[in-house]
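Heads up, the thing below is written out as structure tokens.
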Amino acid sequence: MSATVVVGGFFGDEGKGKVIAHLALRDEPAVVVRAGVGPNAGHTIQFGGRKFFLRMVPSGFVNERAMLLIGAGVLVNPKIFLKEVEETSTKGRIGLDPQCAIIEDVHIRREEESAHLSQKIGSTRSGVGACAADRALRLAKLARDVPELSGFLTDVSGRIHEALWSGGRVLVEGTQGTFLSLYHGTYPYCTAKDTCASALCSDVGIGPKDVGEVIITFKSYVTRVGEGPLEGQLPREEVERRGWLEYGTVTGRERRAAPFNFELAKRAVMLNSATQIALTKLDVLFPEVRGAKDYRDLPSGAEEFIRRIEEATKIPVTIIGTGPGADEVIDRRADLGLLK
Ligand code: GTP
Ligand code: MG
């Protein structure tokens, strides 16, 4: 088997958490592994009448049969990790790599005290920037040095490859988005690491040949939290009028918004070698779509929008979000012959 990577196509908060929850429930993966930067990202999952905000535990926890892992490239805050393990009752089936770098209070303080990060860049102040810097300097503590984490340590890359060799599915969960990448994003208004699909693979210890599908997630409009350029940004009143107003999962800050950007989407598909698109929040653009589960139920305007995205990017829109719930999804993969 090969792995499926879920990556953000714009500036994060595209709804990867919900897409991953859907894939975890539908595809019965043996392993769901969190890649990406660290607890500066927050996935929102609505499932079983509850709402979860996850900054460390993989969103695939919704499938109780899946093994949950956090890759060596992810920066871990042990307090947040242990709290979420409790909230999601995942002890016993979650593990993290002994080589994950550890965010300490001193990292958070350093970001709060840095006017450059907290004011100019609009950092989430979760300590990831300072921790990533310490890791590059080989000063950071690793998960293997923290007694509270000793019961969770496991060889993440080894577990993933065992699953693949025995025919199991593996889902790699990205955080943030392509244009927040330290390398390919809007530097200096970006996060502390690369966030593209290849970096996600490196975070968890798989190579390019282990990947079958790269599902890039786009929201039906573009949002951005913090500072940095946002082409086509609408005035706040217009964002509110369109029902696009959102608040950040980690910081509670208002997200800025702009209409779907086809040029940015094309570039994101290129940077990630994306093979499929998950398009979320279609119900916000087309309220009559809310809760739809069948592609044939889409109104012609919504179908036309999807066709334009497919024409621009040259890859199919296979998963469509029609509401915040993990089950409010149209999944076209089987119809398009893409479900192996
Ligand atoms: P990061 O890892 O921080 O980039 O976050 P994310 O990509 O997981 O997205 P996040 O959960 O921060 O934000 C997405 C928001 O959209 C959440 O409030 C979700 O509940 C919501 N959402 C996701 N998909 C849909 C959808 O199809 N329709 C509607 N109405 N809401 C959705
Ligand atoms: Mg988020």
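Annotations for the structure displayed:
- Selection within the stretch 84-102 - assigned to a loop (DSSP other than H, G, I, E, B) and open to solvent by 10 Å² or more (accessible area, probe 1.4 Å): S89, K91, G92, R93, D97, P98, Q99
- Test result for G38, within 14 Å of ligand 2 (Cβ to nearest atom), under 15 Å from G174 (Cα atoms) and open to solvent by less than 20 Å² (accessible area, probe 1.4 Å): yes
- For P287, the stated conditions hold: it is free of Cβ contacts under 8 Å to residues at least 24 places away in the same chain and either within 16 Å of ligand 2 (Cβ to nearest atom) or open to solvent by 70 Å² or more (accessible area, probe 1.4 Å) (or both).
- One residue alone among H107, H116, H43 is of a type outside the set (F, W, Y) and open to solvent by 40 Å² or more (accessible area, probe 1.4 Å), and that residue is H116.
- The residues in the stretch 304-332 that are part of a helix (DSSP H, G or I), within 16 Å of ligand 1 (Cβ to nearest atom) and open to solvent by 20 Å² or more (accessible area, probe 1.4 Å) can be counted, and the count is 1.
- Whenever a residue of the stretch 259-273 is polar (S, T, N, Q), its partners that are surrounded by fewer than 16 Cβ atoms within 10 Å (Cβ to Cβ), lying with C-beta atoms within less than 8 angstrom and at least six residues away or across chains, give the pairs N261/E231; N261/G232.
- Of L200, L149, all but one fail to be open to solvent by less than 10 Å² (accessible area, probe 1.4 Å), in a helix (DSSP H, G or I) and more than 16 Å from ligand 2 (Cβ to nearest atom); the exception is L149.
- Look at (1) more than 9 Å from ligand 1 (Cβ to nearest atom); (2) within 23 Å of T322 (Cβ to Cβ); (3) free of Cβ contacts under 8 Å to residues at least 60 places away in the same chain and you find that L54 fails only one, number (1).
- Residues of the stretch 203-230 satisfying the condition of being surrounded by fewer than 24 Cβ atoms within 10 Å (Cβ to Cβ) and more than 27 Å from T251 (Cβ to Cβ): G205, G207, P208, K209, D210, V211, G212, E213
- Selection count, the stretch 1-41, where residues are outside any loop (DSSP other than H, G, I, E, B) and hydroxyl-bearing (S, T, Y): 1
- When A72 is tested against (1) aliphatic (A, V, I, L, M); (2) within 14 Å of ligand 1 (Cβ to nearest atom); (3) surrounded by fewer than 24 Cβ atoms within 10 Å (Cβ to Cβ), exactly one condition is not met: (2).
- Remark: pairs (first residue in the stretch 58-74, of a type in the set (K, R); second residue open to solvent by 20 Å² or more (accessible area, probe 1.4 Å); Cβ separation under 8 Å; 6+ apart in sequence or on different chains) = R65/E28.
- In the stretch 194-206, the residues that are on the phi > 0 side of the Ramachandran plot form Cβ pairs under 6 Å with partners that are open to solvent by 20 Å² or more (accessible area, probe 1.4 Å), at six or more places apart or across chains, as follows: G205/S157.
The values are calculated or read from the model by the stated rules, or taken from the named source; none is laboratory data. Keep in mind that this is a model prediction, so the values were computed, not measured. Glycine also receives a Cβ, built like all others from the backbone with ideal geometry; neighbour counts cover every protein chain displayed. With ligands, DNA and RNA removed, areas are computed over all heavy atoms of the protein, side chains included. Shrake-Rupley method; radii C 1.70, N 1.55, O 1.52, S 1.80 Å.
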